[in-house]
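One structure below.
The values are calculated or read from the model by the stated rules, or taken from the named source; none is laboratory data. What you see is a predicted model, and the numbers here were worked out from it, not measured in a lab. As a convention, Cβ positions derive from the backbone with ideal geometry for all residues, glycine included, and neighbour counts pool all protein chains shown. When the accessible area is computed, the model is the full protein with side chains, heavy atoms only, and any ligands, DNA or RNA have been set aside. Shrake-Rupley method; radii C 1.70, N 1.55, O 1.52, S 1.80 Å.
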Amino acid sequence: MAVVPLPELQKLTRALAGERHDSYSERALSRAYEEFLARRRTPLAPFRLRSGSREYATFYDLVADTSPLAGPLELRLDPPPPPGAAWEFLRPIDRLSFEPDGGAEATLPGGPPPTRVIVRFLLREHYLTRSRVEEDRAAAGGARVSLPTFLRNLDEGIEACRTRGLLPFCVAVLAYFPEERVIYELDLVRSLVLADPRAGRLPPTRRVRRTSRVSWYVDRVTGRGEMPVLAARALQVLVESHGLTAVEMAHVFGGVRELMDSALQGLAARGLVTFDRRTGVYRPRLDAFMPLASAAAVTMPAEPAPAGSNPALRTSVQELIAAADARAECPLCGTPLGPDHKGLLCAKCAAEVGEV
């Protein structure tokens with residue numbers, strides 16, 4: 001698939017941001033673009049975008065076209081790869097049709113009816129227009145130009161591009177299926193769906209499947225935009241495991257091990273993971289993400305474990321608690337109970353029992 005050339009992105013940014021895209025901003029965009037192209041990922045399949053009968057060659061053509069969409073925007077893999085190793089750690093799809101309400105219809109291979117999913121968008125690598133004046137103001141203590149990285153729907157993302165001079169290079173589509181959350185990463189510069197970074201680098205047996213509910217709590221933390229992209233990716237991988245070493249994580253994501261060490265140590269300092277010095281294994285702290293966890297557990301370093309405690313056993317207990325909370329349901333009718341529900345029965349059954 002052809003790469004969107006830099007002059008085309010410069011032209012689009014100038015049209016979106018006007019005078020804010022000055023010579024300083026042009027050089028910054030050029031650096032961000034070249035750095036992104038240097039970090040090549042394994043492609044899964046090229047994709048195309050369509051709304052009604054209108055085709056868009058790239059995502060940037062969609063941003064540049066300010067006319068209303070002719071219908072739900074459809075992302076279609078063209079051609080989709082066959083089932084097999086290419087889809088490791090992912091759920092195979094042929095297309096996603098995005099709805100304005102934040103939902104989507106996922107069409108699976110083989111012709112079954114589309115599956116309704118909830119989608120959110122997480123900015124991975126991007127360039128946000130900043131003029132020399134804005135950078136100087138920020139350096140002097142003024143407010144910096146910023147934006148949320150966790151987007152509720154496609155319209156919100158396109159609006160941010162048009163009003164703030166945002167150019168996303170890579171985004172993660174967080175698809176919440178009934179059983180699990182799946183992350184489809186899109187390289188927008190090359191119009192590619194990317195393979196999961198674990199594919200071919202980590203045995204699938206090392207994966208621990210989490211419910212969509214647990215993943216949602218994790219995604220809310222990574223979506224704050226407070227941690228580097230590498231740390232956010234590492235946290236999402238760690239949560240779907242019983243623990244991994246820095247060497248294993250560096251093999252998954254590539255690059256220099258020291259960068260991965262720094263990312264993992266930052267997660268440990270935030271209290272989101274624990275580190276076993278005896279084995280070198282980093283494990284997710286699931287209790288840091290669940291609704292009953294205090295804000296201090298997420299933002300402050302974890303307190304040292306009591307002497308003689310077993311980190312693996314402690315992690316297993318946390319996983320049991322998370323699994324029980326994710327599957328909590330009314331014992332009479334089987335209705336799922338919300339994360340903040342304190343009673344044993346659902347409201348309906350509690351009312352009926354009270355009337356007897």
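Report D for the stretch 164-250 in µm² per second (integer): Stokes-Einstein, Kirkwood Rh on Cα pairs, 4 °C, 1.567 mPa s. Kindly include the intermediate steps, with their values, before the conclusion.
Working: Rh = 14.2 Å.
Estimated diffusion coefficient is 91 µm²/s.
Extending 7 Å from Cα along the Cβ direction at Arg257 and again at Glu135 yields two label points whose distance is 3.5 nm.
In terms of Cα atoms, the Rg and Dmax of the stretch 163-211 work out to 13.9, 44 Å.
With a simple spin-label model that places each label point 7 Å from the Cα along the Cα-to-Cβ direction, the separation between Glu156 and Arg220 comes to 1.3 nm. The value given for the stretch 106-216 is a Kirkwood hydrodynamic radius of 16.6 Å, derived from the mean inverse Cα-Cα separation. Taken as Cα centroids, the stretch 1-62 and the stretch 238-260 sit 29 Å apart, rounded to the nearest whole angstrom.
Dipole size of the stretch 126-247 about its Cα centre, with +1 on Lys/Arg Cβ and -1 on Asp/Glu Cβ: approximately 260 debye, rounded to the nearest 20.
Spin-label model, Val3 to Arg209: label points 7 Å out along the Cα-to-beta-carbon direction sit 3.8 nm apart. Counting heavy atoms of the protein chains alone, His251 has an accessible area of about 110 Å² for a 1.4 Å probe.
Only Cα pairs under 8 Å and at least 6 apart count here; give the relative contact order of the stretch 8-132 as a rounded whole percent.
Numbers: 151 pairs, mean separation 30.8, N = 125.
Computed value for the stretch 8-132: 25 percent relative contact order.
Taking the Cα centre of the stretch 82-180 as origin and charging only Cβ (+1 Lys, Arg; -1 Asp, Glu), how large is the dipole, in debye to the nearest 20?
360 debye
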